[in-house]
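**Student:** If you scroll down you'll find the structure; I have some questions about it.
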Amino acid sequence: MEPGTRRVLVTGAGSGIGAAIARALLAQGGQVALVGRRSEPLDELARTAPGRAVPLVCDLGDPASRAGLVARARDALGGLDGLVHAAGVIVHEEPGKISESALREQLELNLVAPLRLGEEALALLDEGGAILFISSTLAIKPIRTAAVYAAAKAGLVSLTHTFAAAGAARRVRVNALLPGVVDTQMIRAPRPGQADVAAILDELTRLHPLGRLGTPEDLAGAALHLLAAPWTTGTTLVVDGGLLL
């Protein structure tokens with residue numbers, strides 16, 4: 001396997017994009033520390049690769065819970081080549097109606113947690129390793145009901161550039177993926193004033209020139225590329241079905 005893809009910590013590994021990336025890494029023979037808030041989906045995924053997948057239950061929104069997480073993953077895997085932060089949360093609220101709890105929750109999980117994990121990873125990853133942040137096309141083209149989420153994901157793009165410069169001396173590469181709308185549980189959550197999930201999905205599909213929503217597997221392939229690309233750092237790769245067109 002290429003550097004950066006052998007022993008990897010993946011957050012949000014219980015579902016969606018994070019789970020797809022973890023499965024892809026395991027399919028390539030890698031070792032993966034699976035991080036999520038619920039043990040059941042992590043344990044289920046770990047059973048598909050005995051001895052190569054280690055569940056680590058963690059509430060990434062809690063500073064005390066996530067402290068030392070990268071070190072725990074390194075110790076569990078016997079070394080660490082990569083960090084993928086795919087965990088995220090979105091709360092749809094319009095400006096003027098943004099609650100304090102939703103503001104703090106989204107900033108903590110979508111921006112503060114990857115910043116803190118990334119700081120730890122820059123120091124602990126093996127030389128030549130990789131960090132990958134899952135941002136969003138909303139960082140470039142936000143929508144009215146996702147101001148906080150979009151701001152956090154834009155901050156994650158800036159963080160990618162900063163950490164790429166910081167990690168270069170040890171050849172630790174830092175990149176970000178910017179997905180369009182990917183069909184996950186997060187997307188299927190009801191929005192204010194729109195309770196019909198099917199109608200929401202149909203509306204979102206029409207925004208993509210390629211005629212469909214993304215799948216977690218679409219993002220997993222791009223993630224594996226960036227984790228293994230030895231001369232790519234500070235890059236934001238858009239994988240969006242043409243959404244930004």
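**Student:** Here is a list: LEU245, LEU201, LEU210. Which entry is in contact with a Pro (Cβ under 6 Å, 6 or more places away or on another chain), farther than 16 Å from GLY88 by Cα and surrounded by fewer than 16 Cβ atoms within 10 Å (Cβ to Cβ)?
**Tutor:** LEU245
**Student:** Return the residues of the stretch 34-91 that are among the hydroxyl-bearing types (Ser, Thr, Tyr) and under 19 Å from the mean Cα position of the chain (by Cα); say none if nothing qualifies.
**Tutor:** SER39, SER65
**Student:** Given the conditions (1) more than 11 Å from THR236 (Cα to Cα); (2) in contact with a Phe, Trp or Tyr (Cβ under 9 Å, 6 or more places away or on another chain), report the number of the one that VAL182 does not fulfil.
**Tutor:** Checking VAL182 against (1) more than 11 Å from THR236 (Cα to Cα); (2) in contact with a Phe, Trp or Tyr (Cβ under 9 Å, 6 or more places away or on another chain), the one that fails is (2).
**Student:** Got a number for residues in the stretch 84-105 being surrounded by 12 or more Cβ atoms within 10 Å (Cβ to Cβ) and either in contact with a Leu (Cβ under 8 Å, 6 or more places away or on another chain) or of a type in the set (S, T, N, Q) (or both)?
**Tutor:** 5
**Student:** Within the stretch 147-163, take every residue that is in contact (Cβ under 8 Å) with a residue 60 or more places away in the chain and surrounded by fewer than 20 Cβ atoms within 10 Å (Cβ to Cβ) and give me the one that is farthest from VAL91 (Cα to Cα).
**Tutor:** If we take residues in the stretch 147-163 being in contact (Cβ under 8 Å) with a residue 60 or more places away in the chain and surrounded by fewer than 20 Cβ atoms within 10 Å (Cβ to Cβ), then HIS161 is farthest from VAL91 (Cα to Cα).
**Student:** Does any residue of the stretch 200-213 turn out to be over 14 Å from the mean Cα position of the chain (by Cα), over 23 Å from ALA22 (Cβ atoms) and among the acidic types (Asp, Glu)?
**Tutor:** Yes, that holds for at least one residue.
**Student:** What are the residues in the stretch 199-212 that are under 22 Å from SER15 (Cβ atoms), assigned to a helix (DSSP H, G or I) and in contact with a strand residue (DSSP E or B) (Cβ under 9 Å, 6 or more places away or on another chain), if any?
**Tutor:** Passing the criteria: only ILE200.
**Student:** Counting only residues that are crowded, with 18+ Cβ neighbours inside 10 Å and modelled with pLDDT under 95, how many does the stretch 1-54 have?
**Tutor:** 4
**Student:** Hey, among LEU138, LEU122, LEU178, LEU117, which residue is in contact with a Lys or Arg (Cβ under 9 Å, 6 or more places away or on another chain), crowded, with 18+ Cβ neighbours inside 10 Å and not in a helix (DSSP H, G or I)?
**Tutor:** LEU178
**Student:** Considering the stretch 22-65 alone, what residues qualify as being assigned to a loop (DSSP other than H, G, I, E, B), in contact with a strand residue (DSSP E or B) (Cβ under 9 Å, 6 or more places away or on another chain) and small (Gly, Ala, Ser)?
**Tutor:** Result: GLY30, ALA49, GLY51.
**Student:** Surrounded by 15 or more Cβ atoms within 10 Å (Cβ to Cβ), of a type in the set (A, V, I, L, M, F, W, C), modelled with pLDDT under 95 and under 21 Å from ALA19 (Cβ atoms): does that describe ILE187?
**Tutor:** In short, yes.
**Student:** Here are ALA168, ALA228, ALA220, ALA139: which of them is in contact with a Leu (Cβ under 8 Å, 6 or more places away or on another chain), closer than 30 Å to ARG6 by Cα and in contact (Cβ under 8 Å) with a residue 24 or more places away in the chain?
**Tutor:** Within the list ALA168, ALA228, ALA220, ALA139, the selection yields ALA139.
**Student:** Still on this structure, please answer the following. Considering each of ARG66, ARG144, ARG74 in turn, give the residue that is among the basic types (Lys, Arg), surrounded by 19 or more Cβ atoms within 10 Å (Cβ to Cβ), under 23 Å from THR184 (Cβ atoms) and touching a residue at least 24 places away in the same chain (Cβ under 8 Å).
**Tutor:** ARG66
**Student:** Filter the stretch 213-242 down to residues that are assigned to a helix (DSSP H, G or I), surrounded by 16 or more Cβ atoms within 10 Å (Cβ to Cβ) and in contact with a helix residue (DSSP H, G or I) (Cβ under 6 Å, 6 or more places away or on another chain), then give me how many there are.
**Tutor:** Qualifying residue count, the stretch 213-242: 5.
The values are calculated or read from the model by the stated rules, or taken from the named source; none is laboratory data. Source: prediction; values computed, not measured. Glycine also receives a Cβ, built like all others from the backbone with ideal geometry; neighbour counts cover every protein chain displayed.
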